[in-house]
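The values are calculated or read from the model by the stated rules, or taken from the named source; none is laboratory data. Note that this is a predicted model, so its numbers are computed, not measured. Cβ coordinates were reconstructed from backbone atoms using ideal geometry, including for glycine residues, and neighbour counts include every protein chain displayed. Just the protein is used for accessible areas: all its heavy atoms, side chains included, with ligands, DNA and RNA removed. Shrake-Rupley method; radii C 1.70, N 1.55, O 1.52, S 1.80 Å.
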Amino acid sequence: MARGDVGTDASADLSPVIAPDPLDLRLSLASIVHWADSTGVRRDVMARVAFPVDDMGMFLVVNQLSYNGAMRPVDLSLALGQTATNMSKIVGRLVSAGLVVRVAAPDDDRGVLVALTDEGRRIGERIMSTAESNMRTLLADWSPAEIEDLRRMMARLARVHRSVSERRAASA
């Protein structure tokens, strides 16, 4: 296979910017996030829960609603890195598929929330069950004390992250 226009620049540094330290939190978090966010993992979960449509965007919205409950479309857009226009299309497809409904926001006269239907909730329950099964598999060799330590530390990290993110958003 021809390489085309590939140079032999001696100044090209092929190493990572950070040293490959197995205890570096940045590397560990990046590895976990990239694994969990991977198309392969998502496709596997879609198959295991018998998601009724081969549409990753629809699956990701049902996943978000399963974790967070009803959400405003703009919050779904932000959470999933989608434009408002694309999110509107995805939500429309979910409504047509009978997995979500649009409902009035109880705290905002003009606001709309996207909520799971009974069928969407059943799928969400299968997603949560699959996530729990995956976690049990990952932690099969861990002691109960190690798992409890991980739970507490991850909850603390998530709590601090939310707090810092909220402070940054408020000051922006």
>> Return the residues of the range 1-49 that are closer than 19 Å to residue 138 by Cβ, open to solvent by 90 Å² or more (accessible area, probe 1.4 Å) and part of a loop (DSSP other than H, G, I, E, B); say none if nothing qualifies.
In response: 22, 23
> Of 91, 74, which residue is open to solvent by less than 60 Å² (accessible area, probe 1.4 Å) and either modelled with pLDDT of 95 or more or over 20 Å from residue 36 (Cα atoms) (or both)?
Replying inline: 91
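Would it be correct to say that residue 140 is out of contact with any helix residue (DSSP H, G or I) (no Cβ under 7 Å at 6 or more places or on another chain), modelled with pLDDT of 95 or more, among the hydrophobic types (A, V, I, L, M, F, W, C) and in a helix (DSSP H, G or I)? Show your work before the answer.
On the way: out of contact with any helix residue (DSSP H, G or I) (no Cβ under 7 Å at 6 or more places or on another chain): yes; modelled with pLDDT of 95 or more: yes; among the hydrophobic types (A, V, I, L, M, F, W, C): yes; in a helix (DSSP H, G or I): no.
No; evaluated as a whole, the condition is false for this residue.
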> Just a yes or no: is a residue in the range 79-94 free of Cβ contacts under 8 Å to residues at least 60 places away in the same chain, among the polar types (S, T, N, Q) and not in a helix (DSSP H, G or I)?
Replying inline: yes
> Between a first residue in the range 118-146 that is under 18 Å from residue 45 (Cα atoms) and touching a residue at least 12 places away in the same chain (Cβ under 8 Å) and a second residue that is open to solvent by 100 Å² or more (accessible area, probe 1.4 Å) and part of a helix (DSSP H, G or I), which pairs have beta carbons less than 7 Å apart while being 6 or more apart in sequence or on different chains?
Replying inline: 130/48
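Give the residue, chosen from 103, 114, that is part of a strand (DSSP E or B) and open to solvent by 30 Å² or more (accessible area, probe 1.4 Å). It would help to see each step written out before you state the result.
Values: 114 fails: open to solvent by 30 Å² or more (accessible area, probe 1.4 Å).
Only one candidate passes the filter, namely 103.
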